[in-house]
Amino acid sequence: MAYLIAAVVVVALVALYALRTARRLDRLHARVDAAAAGLTAQLLRRAAMAGAFGASVSLKPEAAAALASAARTAAETPGLGGDREVAETAVTRALLQAATSSPESFTTPSPAATEMHDAALRASFARRFYNDTVRDVLAVRDLRVVRWLRLAGHARHPAYFEMADAELPTAQIPVASGPTIEP
Amino acid sequence: MRVGIVSPYPWDVPGGVVAHIADLAEALIARGHDVAVMTPVDDDETPLPNYVTRAGRSVPIPYNGSVSRLLLGPVSAARVRRWLHDGEFDVLHVHSPETFSLSLLALGNAQGPIVATFHAANPKSRILSMMQSSLQVYLEKLSGSIAVSPAARKTIVDHLGGDAVVVPNGVHIAKYAGALPLPGWPGGGGAIGFVGRVDEPRKGLDVLLAALPLIRREHPGVRLLVAGPGKFDGPVDGVTFLGRVSDSDKARLLASVDVFAAPNTGGESFGIVLLEAMAAGAPIVASDLDAFARVLDDGELGDLAGAGDPISLAAACSGLLSAPARRDQLRTAARHAVARYDWSVVCGEVLRVYETAIAASTGRVVEEPVEVDVTTLEQGMATS
């Protein structure tokens, strides 16, 4: 009898743990989907800004053409798979080439340069946040209880998104003018 | 945007994180955002800004070489949940959620777009690594993480297995830029300044006092101006001790010296005092800690000396006192470089993180369906 009670208690505890883990994983899957949507939106914005930026500032013709073509390819590549990683890295490379050949387009304050810088930063933030969530999901999917009881079900196995981030040169932030008293 | 910010430390105990939260809240409000801060408050009589909500009193527990503050009981959890409910926040911003504190309690009780800022840099934190698996259940709720420095980010990567974007600490440049020197300073014999807790060895006042006789060989008239809380073993010849000072007096101190010394021996994640000195136009000699070298651009914006080495510190201070042209050059370079750290700029970067985090989550911030109180947190820590 004592064994039976002990067995029932153990089964109940395992079931409770499994239930809690399943709920946790379910929520993480929802979070990774939202993060993927966020990343996709920021990548699309970056591609759109790259196109607009190339058109509005004076870049070297070949750099402008490379940027426009890379931006178009990236925007037309769906999903967050390997071909998207390649396409987004190409946008980064085109941006960095433009920054090397015409740095003044990036460092002279202009609305297009500000937007471009902002879009590049947001894409890199969104990518880091997405990868962080992927890591969280994979860690929970790797738990024994999840593997043995197949708690992940048919949920998509999320993958990290790897690409080169663009660290673009920016305009110098103006020195705050105040009642500065020189010594 | 409606922003809810949670402080792990009591509002009425001066500290870097609390000052950061107050500055951030005010910078956000200045941009027209709705901000609410929830924080422990130890003294019921403390006057609070109208955006601050009391969570209750904190109980100090030693953690990680300093003191962490723990809020006890379901009362705090209920207050946090009511605050979350009434706030209808677009984003929740918890600070130092790796401490066992109000921040972790809020994180446990909330879901939706949540951002965390990690302030600490502990290259060898065994406690943090040990707690990693139990913290994971809470940290995986974060939509985005900020580290205040590359060193703080490295701590997250190494010990918590996560990642963060770096948004530096801010400084209100206008508060420091126009300050007038104190009467009679800097004088002709050379003046060196120090700001920081005077009885905290890691702040390095001992190193500076040991360097002083060596500096005096070249600059016999040199004087030292010291401000900060703590017990000072004085008087010491040639040293003026001001005790704890207000921000405006700190600005005046920085304007009163020829050289600002930051002889810290370790434990610095960022070095906000360097930004204040740069904003005030005080030429800097600082220890060659990673965090300091980074803020000072490897010596472009201030001279570096060996950490904990009075001889090296004395040489650097003497050298700078003898070189007025170098001081002017440092002042100009620092004034340009520090513009990037003004709260107006830093606040924009924090908002960019908020917006990215919101875009990567669904809905706004709501309470968890089931209340998580401190005992549940403890249980989670023990079992998971």
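The values are calculated or read from the model by the stated rules, or taken from the named source; none is laboratory data. Everything numeric here is computed off the predicted structure, so don't read it as measured data. For neighbour counting, all protein chains shown are included, and Cβ atoms are generated from backbone atoms with ideal geometry for every residue, glycine included.
Tabulated results
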| item | result |
| --- | --- |
| Output for the range B:203-238, where each listed residue is within 29 Å of the chain's Cα centre (by Cα), farther than 20 Å from residue B:254 by Cβ and at pLDDT below 90 | B:231, B:233, B:234 |
| Test for residue B:91: is it within 14 Å of chain A (Cβ to nearest Cβ), surrounded by fewer than 24 Cβ atoms within 10 Å (Cβ to Cβ) and of a type outside the set (Asp, Glu) | no |
| Residues satisfying the stated conditions in the range B:200-243, i.e. exposed (fewer than 15 other Cβ atoms within 10 Å of the Cβ), closer than 19 Å to residue B:320 by Cα and not basic (Lys, Arg) | B:213, B:220, B:221 |
| Yes/no for residue A:129 being closer than 23 Å to residue B:346 by Cα and at pLDDT below 90 | no |
| Close pairs (6 angstrom Cβ cut-off, 6 or more residues apart or separate chains): surrounded by fewer than 22 Cβ atoms within 10 Å (Cβ to Cβ) in the range B:11-36, assigned to a helix (DSSP H, G or I) anywhere | B:23/B:343; B:36/B:87 |
| Residues that are hydrophobic (A, V, I, L, M, F, W, C), within 10 Å of chain A (Cβ to nearest Cβ) and in contact (Cβ under 8 Å) with a residue 12 or more places away in the chain, drawn from the range B:321-359 | B:337, B:338, B:339, B:345, B:353, B:357, B:358 |
| Lone qualifier among B:371, B:378 - being modelled with pLDDT under 90 and either surrounded by 22 or more Cβ atoms within 10 Å (Cβ to Cβ) or not in a helix (DSSP H, G or I) (or both) | B:371 |
| Cβ-Cβ under 7 Å pairs, at least 6 apart or on other chains, the range A:98-123 side farther than 12 Å from residue A:58 by Cα, far side hydroxyl-bearing (Ser, Thr, Tyr) | A:107/A:170; A:117/A:170; A:122/B:356 |
| Of residues in the range A:109-123 being surrounded by fewer than 19 Cβ atoms within 10 Å (Cβ to Cβ) and in a helix (DSSP H, G or I), the one nearest to the chain's Cα centre (by Cα) | A:118 |
| Any chance residue A:90 is more than 11 Å from chain B (Cβ to nearest Cβ), without any contact (Cβ under 8 Å) to a residue 24 or more places away in the chain and within 21 Å of residue A:51 (Cβ to Cβ) | yes |
| Cβ-Cβ under 7 Å pairs, at least 6 apart or on other chains, the range B:170-181 side facing chain A (nearest Cβ under 8 Å), far side of a type in the set (Val, Ile, Thr) and surrounded by fewer than 23 Cβ atoms within 10 Å (Cβ to Cβ) | B:177/A:180; B:178/A:180; B:178/A:181; B:180/A:181 |
| Check on residue A:47, of a type in the set (Gly, Ala, Ser), facing chain B (nearest Cβ under 10 Å) and in contact with a helix residue (DSSP H, G or I) (Cβ under 6 Å, 6 or more places away or on another chain) | no |
